[in-house]
Amino acid sequence: MTQHALGRAGPAGPDPAGPARPASSSPLRARLLWGVSVAAAAAGLFACYLRQSRIAAVNSDGASIMLQAWDMLHGNVLLHGWWVADVTFYTTELPEYMLAESVRGLGPDVVHVCAAVTYTLLVLLAALLARGRARGRDGVVRAVLAAGIMLAPGIGRGTYVLLTSPNHAGTTVPLLLTLLLLDRLPERWYVPVLTCVLLTWVQIADELAMVAGALPLALVTATRAVVEFRKRPETRWRYELSLAAAAVASVPLMRAAQAVIHAAGGYTQAPLVSRLLARPSEVLPHIHAVGETVLLLFGADFFGQGRPLLVALALLHLVGLVAAVAALVAGICFVTRIDRVSEVLAVGILATLAAGIFGTYVTSLSSAHEIAVLLPFGAALSGRLLGGRLARARRPWRYAFQALLAVGAACYLGALCYAATWAPSRAQNQALASWLLAHNLRDGLAGYWQANSTTLASGGQVRVAPLAPAGKAPYLWESQSSWFDPSLRYANFVVTAAPQYGPDSFAGGLDASTERGFFGKPSRTYRFGNYTILVWDKNLLIRLGSPAQAAGQAFPPARGTACPALATAPGRAGRCG
């Protein structure tokens, strides 16, 4: 036995360096340092995203969600009497808005605050999911790569899609959380139960989670169960099968929860479009639309940018898109050699792309929000499949890759700081709300894009209810039945707007001549900017009729209105949703 071995085996003598520290102090210190670093990064990102969010004006889509959350905060938890859109956000963004409104009150800035919180969570969760169980340099490179891809949303169009009104991007937060739990928790019986609960929860708010979350998880885990059973029947294939069952069960559970809400007198949700599958002649245009949309989501939409600096930043973002595409290709080629979560991310991306190409929802650049899940999924997959290889490359290449990653992250951070310096925009119809207050007009009607946004801009002091595009019936989209009850409200004015864009009008509204013909000659007529305000000495709701009479009428969705923020060329406007 050597002297070294004897020294280790013998009785411990006095340590000349002093008493030994507890073994757990160093890991504890490392965890505390890591937690403080993550918290500081989250605070800094939130501040930047809040500033960038304020570039985009709050419109009626965001205002509608705020008014629903305000109603829930004041006791109408099930949203009784509400007609909501085909996506409710009932279990995702609405609780977040309620919490923010309980602190900030009813005002447009809450939309910006919640958008910044949501995107900050997306970046952090994508980084944590990309890191996986890796530690040290490997884990850091994975997390930095994923966070870097998402770090700086595109300025302008990217801001409208990712950092304004509640959107499908926020749906990815609980999906990433579900995958993170699958990645970190041990294989125990309660994990499938928790997975089923989370998937059911998010699908109640947004059925896109079925395509991007429940379906991929069911396919991946069912396939893994079959493969493992054939190769090694004694392995834990039952765990994979239980995860597949949990994903499948979440769909009928979601339907049952929606039925319970409806039976209890809750909201009425607008149905999805009647035709979900595209015609063969529509597939090629959809492929083009999906391609443009992917560029927009990753901040690489260099076409139509007005400033050379914005073009340069968009071209810089191509690096992140290339990394995401490379990770997806690697996931497809080496699908049998990657882990469960990476497989779910890859299949989720493919399923979302297929839904965009062969479905009817992604028809133009304005549909970017429909497949917004591609950005965080692509970033997380890039970190998991590429980050480790970059960290473990041979020394000269490893240093080069890490230097390139650091430079890229610094450039993306510079782009984010640049976006934070842009001047904020006021809420849509803010000037109209101030004008109505000044003229003591507190209760009226308008088109969708002038209605809820005006109510929000006034802090609820003015109540403007939406009319259908024809201007002769209540608009049963993001509206409340009590707004049209003549026993509760006295609406005596109608706001009409010319079909042009501006800092306040946002989009065209009702036609003044149509409203005169329907309600009769007004007692007073005002013109303010792009608006014409018609005032009567009577309650217009009596002539309007009840919402029940309008329930059988088919109205085009509110999101069909053109949005200048997503326009790519004159005459080619997108839709805000």
With the structure loaded, tell me whether ALA427 is in a loop (DSSP other than H, G, I, E, B) and in contact (Cβ under 8 Å) with a residue 24 or more places away in the chain or whether it fails that test. yes
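Which is touching a residue at least 60 places away in the same chain (Cβ under 8 Å) and of a type outside the set (Gly, Ala, Ser), of LEU318, LEU313, LEU295? Spell out how you get there, then give the answer.
Working: LEU318 fails: touching a residue at least 60 places away in the same chain (Cβ under 8 Å); LEU295 fails: touching a residue at least 60 places away in the same chain (Cβ under 8 Å).
Result: LEU313 is the single residue among LEU318, LEU313, LEU295 that is touching a residue at least 60 places away in the same chain (Cβ under 8 Å) and of a type outside the set (Gly, Ala, Ser).
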May I ask you to list the residues in the range 425-461 that are closer than 29 Å to GLN52 by Cβ and either touching an Asp or Glu at 6+ places or on another chain (Cβ under 8 Å) or charged (D, E, K, R) (or both)? ARG426, GLN428, ASN429, GLN430, ALA431, LEU432, TYR448, ASN452
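Out of GLU228, GLU187, I need the residue that is crowded, with 18+ Cβ neighbours inside 10 Å and either more than 26 Å from ARG255 (Cβ to Cβ) or at pLDDT 95 or above (or both). Which one? Let's see the steps before the verdict.
On the way: GLU187 fails: crowded, with 18+ Cβ neighbours inside 10 Å.
Only one candidate passes the filter, namely GLU228.
Looking for whichever is among the aromatic types (Phe, Trp, Tyr), in a helix (DSSP H, G or I), touching a residue at least 60 places away in the same chain (Cβ under 8 Å) and in the same structural domain as THR159 (by TED's automatic domain parsing) here; the options are PHE303, PHE377. Which one fits?
Working: PHE303 fails: in a helix (DSSP H, G or I).
Criteria check complete, one pass: PHE377.
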Could you grab me the full set of residues in the range 290-309 that are surrounded by fewer than 18 Cβ atoms within 10 Å (Cβ to Cβ) and either within 16 Å of ALA152 (Cα to Cα) or among the hydroxyl-bearing types (Ser, Thr, Tyr) (or both)? PHE302, LEU309
Could you pull out every one of the helices (runs of 4 or more DSSP H) wholly within the range 96-164 that has 2 or more residues that are closer than 21 Å to PRO424 by Cβ, assigned by TED's automatic domain parsing to the domain that holds LEU315 and without any contact (Cβ under 8 Å) to a residue 60 or more places away in the chain? 109-131
Taking only the range 256-276 into account, find how many residues are on the phi > 0 side of the Ramachandran plot and among the charged types (D, E, K, R). 0
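In the range 434-457, how many residues are part of a helix (DSSP H, G or I), more than 23 Å from the chain's Cα centre (by Cα) and surrounded by 24 or more Cβ atoms within 10 Å (Cβ to Cβ)? Spell out the reasoning first.
Filtering the range 434-457 down to residues part of a helix (DSSP H, G or I) leaves 434-438, 448-457.
Now narrow it down to the ones that are more than 23 Å from the chain's Cα centre (by Cα): 434-438, 450-451, 454-455.
Retained after the next criterion (residues that are surrounded by 24 or more Cβ atoms within 10 Å (Cβ to Cβ)): 436, 450-451, 454-455.
Qualifying residue count for the region: 5.
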Yes/no for ALA380 being touching a helix residue (DSSP H, G or I) at 6+ places or on another chain (Cβ under 8 Å) and of a type in the set (Gly, Ala, Ser): yes
Please work out which residue is surrounded by the fewest Cβ atoms within 10 Å (Cβ to Cβ), limiting yourself to the range 310-350 and to residues that are closer than 22 Å to THR164 by Cβ and over 22 Å from the mean Cα position of the chain (by Cα). LEU310
Restricted to the range 253-278 and to residues being without any contact (Cβ under 8 Å) to a residue 60 or more places away in the chain and either over 17 Å from ALA205 (Cβ atoms) or assigned to a loop (DSSP other than H, G, I, E, B) (or both), the residue nearest to the chain's Cα centre (by Cα) is SER274
Kindly evaluate ARG238 against the criterion of being at pLDDT below 95, under 30 Å from ARG188 (Cβ atoms) and part of a helix (DSSP H, G or I). yes
Hey, can you tell me all the residues within the range 165-179 that are crowded, with 24+ Cβ neighbours inside 10 Å, more than 19 Å from VAL362 (Cα to Cα) and among the β-branched types (Val, Ile, Thr)? THR178
First in the range 477-506 and within 24 Å of VAL77 (Cα to Cα) and hydroxyl-bearing (Ser, Thr, Tyr), second anywhere and modelled with pLDDT under 90 and buried (at least 17 other Cβ atoms within 10 Å of the Cβ), Cβ under 6 Å, 6 or more apart: SER481/PRO547
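Yes/no per residue for (1) of a type in the set (Val, Ile, Thr); (2) closer than 21 Å to PHE46 by Cα; (3) at pLDDT 90 or above; (4) touching a strand residue (DSSP E or B) at 6+ places or on another chain (Cβ under 8 Å):
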residue	(1), (2), (3), (4)
GLY156	no, yes, no, no
THR159	yes, yes, yes, no
PRO166	no, yes, no, no
THR178	yes, no, yes, no
ASP183	no, no, yes, no
VAL193	yes, no, yes, no
CYS196	no, no, yes, no
Counted residues, the range 259-299 - those being closer than 30 Å to ALA415 by Cβ and of a type in the set (D, E, K, R): 1
Out of the residues in the range 327-356 that are closer than 22 Å to LEU181 by Cα and not in a helix (DSSP H, G or I), which is modelled with the highest pLDDT? ASP339
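Applying the selection to the range 352-363, what residues are more than 18 Å from the chain's Cα centre (by Cα) and in contact (Cβ under 8 Å) with a residue 24 or more places away in the chain? Write out each step before concluding.
Taking the range 352-363 as the starting set, the residues that turn out to be more than 18 Å from the chain's Cα centre (by Cα) are 354, 357-360, 363.
Within the range 352-363, ILE357, PHE358, GLY359, THR360, THR363 qualify.
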Search result, residues across the range 137-164 that are closer than 22 Å to LEU185 by Cβ and either surrounded by fewer than 22 Cβ atoms within 10 Å (Cβ to Cβ) or of a type in the set (Lys, Arg) (or both): ASP138, GLY139, ARG142
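The values are calculated or read from the model by the stated rules, or taken from the named source; none is laboratory data. Just so it is clear, the structure is predicted and the values come from calculations on it, not from any experiment. Counting neighbours? That spans all protein chains shown, and the Cβs are built from the backbone with ideal geometry, glycine included.
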